[in-house]
Each structure stands twice: as C-alpha cells, then as structure tokens.
Amino acid sequence: MAAHAISPRRHFPAKVVCEIAAMRPMLLALLFALGCASPALAQSFAGQLSAAALERTTHSVVYDGRYQVIAYPMGDVAADRGVCADEIIRAYRSLGIDLQKLVHEDMAKSFASYPQLWGLQQPDPNIDHRRVPNLERFFTRHGQTLAVTQDPAQYRPGDLVTWRLGNTLPHIGIVTDLRNADGTRPLIVHNVGQGPKLEDVLFAFPLFGHYRYEGPFGR
C-alpha cells in the first residue's frame, strides 16, 4: 500500500501508527537502498519533511513558550520543552536546515519587512524563529505561498499550515502523508499544548496561511 493511503484509525491501532511514524525515516532509507521504495518517495523533500514531522510525535514535550537565551546558530531550548513553532524548527533541522539562522539573517537584512508586534528594534536570534508570524513572513518571502482553501486535496505532505486559534492566537503545523479515518483529509503534526501530536485538525481551527518551503535552494 502506498504511504499516502495509510489510514491510521481504520487500518492500525494508534500505538502501531506511532511506531510506524518513528521508524519511517529509517525504513525509507533502508527500502530505497534495497531498491524496494520509489526514489521519488525516498528522495522528495516533502516526503522527508513529512517523515521528520511524524518522528517528532515520538518525543515528550512540555509546552513552554518562555523567552530563553539559546545558542546561535543551531540553538534550541531544552529538548523536552517547546511550542508549536519549535516542532517546525526541529523537523527542518533534522533535514539539515536551520531556520533559526535563516530567519535571523533575513530579518537582519530586512527587519522592517517582518511583523512589528513585540516592540523590538532589531532581530533577536533567541526568539524570532519561534514566533509563528515571523515564520509566516519568512515562508512568504522565501518559499511558496499557497491558497488557503477548504479543499483538503490542496494540502500536500510537507506543506505548512497556520491557524488563528480563537481568531487571534497564531498556531502552526506540518501536513503529513497519513490521512484521517475516512481518507478525506491529511493528518497534521502540531503542538497545541500537549506536545507534538498527529491529529485530524486541518479544518479544526480558522485557517490563516498555507506555505511550502524546501530550504534555501528549493524554491
């Protein structure tokens, strides 16, 4: 069965789905090496990002958005702490893309192009990349900005979606190649307060943005 056709609630118990998610990056690499997986699946950036997002669901993370001084580049808060944006940062970083550095460098070049919501006079590499509005602006400037629609077919594995919880609070997640029980919607990896989860939440909150970003050379 093709990876995108797997329906975790219909075909597998939840525990098995989590185990598959954790093992998928290694399985894809092994199957490709043995010639059993398609090069497109094993090599596509979207497939790798989806797998990286699914792997994040195996981690226990306490939701903690406090400001912290972190290293630069490749800095991070403690592995068992984080917010929704940290799951995006960590998924990309597992593929060798440091959004902390990329966002900071872009803000240093064009600070006025970014949202002025926090009273800052200059970029701050400790926190800028951890703020959803900044990620939205970065993906708009350096990736693809896609239509926000109610058509689930328009949301592909590896896409990034943002919402406004309660129409005000920014939130972000990654579209995966797994689908909900009836196969009508892709499942999303996000952290809305209980750590990284794989859930059927694409249309659960008011959608705000839809992006595709494959790294500094992928546009």
When you look at G158, is it more than 14 Å from the chain's Cα centre (by Cα) and on the phi > 0 side of the Ramachandran plot, yes or no?
no
Give me the pairs, please: first residue somewhere in the range 97-110 and touching a residue at least 40 places away in the same chain (Cβ under 8 Å) and within 16 Å of P133 (Cβ to Cβ), second residue anywhere and of a type in the set (D, E, K, R) and in a loop (DSSP other than H, G, I, E, B), beta-carbon distance under 9 Å, and either six or more positions apart or on two chains.
none
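Only one of P196, P186 is in contact with a Phe, Trp or Tyr (Cβ under 8 Å, 6 or more places away or on another chain), modelled with pLDDT of 95 or more and of a type outside the set (K, R). Can you tell me which? It would help to see each step written out before you state the result.
Values: P196 fails: in contact with a Phe, Trp or Tyr (Cβ under 8 Å, 6 or more places away or on another chain).
Matching residue, one of P196, P186: P186.
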Among residues of the range 165-203 being assigned to a loop (DSSP other than H, G, I, E, B) and free of Cβ contacts under 8 Å to residues at least 24 places away in the same chain, the residue surrounded by the most Cβ atoms within 10 Å (Cβ to Cβ) is D200
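Take T168 and tell me if it is closer than 20 Å to I97 by Cα and among the hydroxyl-bearing types (S, T, Y). I'd like the intermediate steps shown before the answer.
On the way: closer than 20 Å to I97 by Cα: no; among the hydroxyl-bearing types (S, T, Y): yes.
Spelling it out, it is not the case that T168 is closer than 20 Å to I97 by Cα and among the hydroxyl-bearing types (S, T, Y).
For the structure I just gave you, tell me whether L160 is buried (at least 20 other Cβ atoms within 10 Å of the Cβ) and not acidic (D, E).
Values: buried (at least 20 other Cβ atoms within 10 Å of the Cβ): yes; not acidic (D, E): yes.
Here the answer is yes, as L160 does meet what is asked.
Identify, please: which residue in the range 91-145 is of a type in the set (F, W, Y) and in a loop (DSSP other than H, G, I, E, B) and is, among those, nearest to R81 (Cα to Cα)? Reasoning before the result, please.
Of the residues in the range 91-145, the ones of a type in the set (F, W, Y) are 92, 111, 114, 118, 138-139.
Okay, now just the ones that are also in a loop (DSSP other than H, G, I, E, B), so 114, 118.
Numbers: Y114: 26, W118: 22 Å.
The extreme case among them is W118.
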In the set R90, R56, R66, which member is closer than 17 Å to G195 by Cβ, surrounded by fewer than 18 Cβ atoms within 10 Å (Cβ to Cβ) and at pLDDT 95 or above?
R66
Quick check: anything in the range 210-218 closer than 22 Å to V62 by Cα and touching a residue at least 60 places away in the same chain (Cβ under 8 Å)?
no
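The values are calculated or read from the model by the stated rules, or taken from the named source; none is laboratory data. Bear in mind the structure is a predicted one, so any value in this text is a computation, not a measurement. Ideal geometry is used to build each Cβ from the backbone, glycine not excepted, and the neighbour counts take in all protein chains shown.
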